[in-house]
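The next block holds one structure in the form of structure tokens; read it before the comments.
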Amino acid sequence: MRLQTKAIHTGVDKDTSYNSVMTPIYQTSTFRFEDIGRTKGYDYTRTANPTRKALEENITALEGGAGAIAVATGMSAIATTLHLFKSGDHIVCTHDCYGGTDRILRTYEELFNLQVSYVNLQDPGNLRSALRPNTRGVWIETPSNPLLNILDINALADIAREHKALAIVDNTFLTPVNQRPFELGADVIVHSTTKYLNGHSDVVGGAVVARESGLADRLQYLCNALGQGASPFDCWLVLRGIKTLIPRMQMHELNARRVAEFLQGHPRVRHVYYPGFATHPHHAVACKQQSGFGGMVSFELDAGLEGVNRVLRGVKIFALAESLGGVESLIDHPQSMTHASMDPALRAAAGITESTIRLSVGLEDIEDLIDDLRTALTI
Ligand SMILES: *Cc1c(COP(=O)(O)O)cnc(C)c1O
């Protein structure tokens with residue numbers, strides 16, 4: 001089966017009681033035993049639940065892995081993945097990772113003596129220099145948030161494998177529709193399903209997919225031990241969202257490109273961050289490893305904070321909100337919103353300024369989105 005068919009069918013159709021075409025929501029905490037020591041495959045929802053299992057099978061099929069866990073949030077996915085390591089292990093993490101990833105890594109450094117190096121992985125050679133004898137993991141997130149820098153997954157995963165370290169890819173921004181980390185050598189893929197996989201801004205959720213069954217079993221163990229599993233209802237919603245993942249990603253792609261091109265030509269815009277432009281510094285790597293450029297566009301307004309605030313207040317269709325990946329368009333000011341908790345010096349080093357604006361381009365009519373931006377930019 002090809003991706004779109006898997007998105008609609010894998011894991012979904014398995015109700016033998018009444019032949020429901022869609023997965024039932026097994027909204028139950030516990031399951032009656034057939035007899036002493038004999039169940040129908042489920043005993044307690046923290047451990048496993050048929051609706052969650054359906055979503056896990058679906059996401060496993062989309063990423064092409066051996067198994068997955070569906071968990072409560074993207075951060076649950078990241079935290080559970082970090083439990084694959086032990087005290088004293090060293091992890092190399094991309095220096096411009098998601099803020100929550102940075103926060104949990106710093107917490108685990110304190111609590112569990114995890115060792116973490118934050119490294120600019122845009123040059124894979126920097127990974128080689130950062131390796132230590134105890135390096136066990138490489139944390140890759142591409143494209144980065146909000147400036148959409150691209151990391152070469154294949155080159156980084158090769159170096160990780162030589163060193164027997166796990167290559168972990170946060171694939172939230174591009175989804176398996178546009179980026180296939182296992183085919184590029186990754187061992188583990190994490191997702192915030194809150195974003196494109198669910199796609200409708202009505203769930204927080206996460207997933208971890210493993211390429212090999214040994215790791216998948218370990219993740220299942222950790223998910224149960226840590227109590228991270230997503231609720232049956234949330235799993236049902238994400239499974240519902242995924243059915244339209246491919247057509248949504250295609251339309252995000254078209255709309256985002258149009259928005260990027262509009263901004264590129266606008267006199268009040270100093271710079272547009274969009275990996276689909278041939279002028280983007282990592283365009284070649286993006287073309288090599290991605291089959292699309294996604295729905296995110298960031299830009300530098302040619303103005304200070306007052307001008308930025310006028311744009312943020314001036315838009316009517318773009319909602320001023322954090323998060324991304326839903327059908328509705330959102331506008332974000334990283335410095336005061338999504339990246340506010342970041343150390344100011346690190347934020348500046350990453351290239352995020354008071355004039356940086358991030359857009360999650362939704363699926364509204366593109367002419368309305370461009371009109372909205374045009375109006376806000378002239379206020
Ligand atoms: C949102 C996000 C997360 C965290 O996911 P939550 O569902 O908010 O916990 C992790 N990684 C990336 C790239 C994200 O965008």
Which order do the peptides 226-232, 30-36 come out in when sorted by mean C-beta neighbours inside 10 angstrom, highest first? 226-232, 30-36
Across Lys40/Lys195; Lys6/Lys53; Lys40/Lys243; Lys243/Lys288; Lys53/Lys288; Lys53/Lys195, pairs whose alpha-carbon gap is larger than 25 Å: Lys40/Lys195; Lys40/Lys243; Lys243/Lys288; Lys53/Lys288
Fraction of accessible area attributable to carbon and sulfur, the chain (%, probe 1.4 Å): 53 percent
Can you give the helix-only mean residue ellipticity at 222 nm for the chain, where every DSSP H stretch with n ≥ 4 adds -39500 (n - 2.57) and the sum goes over all residues, rounded to the nearest 500 deg cm²/dmol? -11500 deg cm²/dmol
Solvent-accessible area per residue for segment 3-242 at a 1.4 Å probe radius, Å²? 41 Å²
Checking a compactness column here: for segment 76-169, what do you get for Rg(Cα) / (2.2 N^0.38 Å), N being the number of residues? 0.98
Can you return the lysines within cross-link range of Lys164? Criterion is Cα-Cα under 21 Å, with same-chain partners fewer than 8 residues away left out. Lys86
Segment 245-378: D in µm²/s via Stokes-Einstein (Kirkwood Rh, Cα pairs, 20 °C, 1.002 mPa s)? 142 µm²/s
Quick one: Cα centre-to-centre distance for segment 299-362 and segment 40-101, in angstrom? 29 Å
Using the basic label-point model (7 angstrom from Cα toward the beta carbon), what is the Asp217 to Asp35 distance in nanometres? 2.8 nm
With a/c under 1.5 counting as rounded, go ahead and sort segment 3-242 into rounded, prolate or oblate using the C-alpha gyration tensor (a ≥ b ≥ c being the square roots of the eigenvalues; past the cut-off, prolate if a/b is larger than b/c, else oblate). prolate
Net charge dipole size for segment 235-280 [Lys, Arg +1 and Asp, Glu -1 on Cβ; Debye, nearest 20]: 140 debye
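The values are calculated or read from the model by the stated rules, or taken from the named source; none is laboratory data. Here the structure is a predicted model, which means the values were calculated and not measured. For neighbour counting, all protein chains shown are included, and Cβ atoms are generated from backbone atoms with ideal geometry for every residue, glycine included. Accessible surface areas use protein heavy atoms only, side chains included; no ligands, DNA or RNA. Shrake-Rupley method; radii C 1.70, N 1.55, O 1.52, S 1.80 Å.
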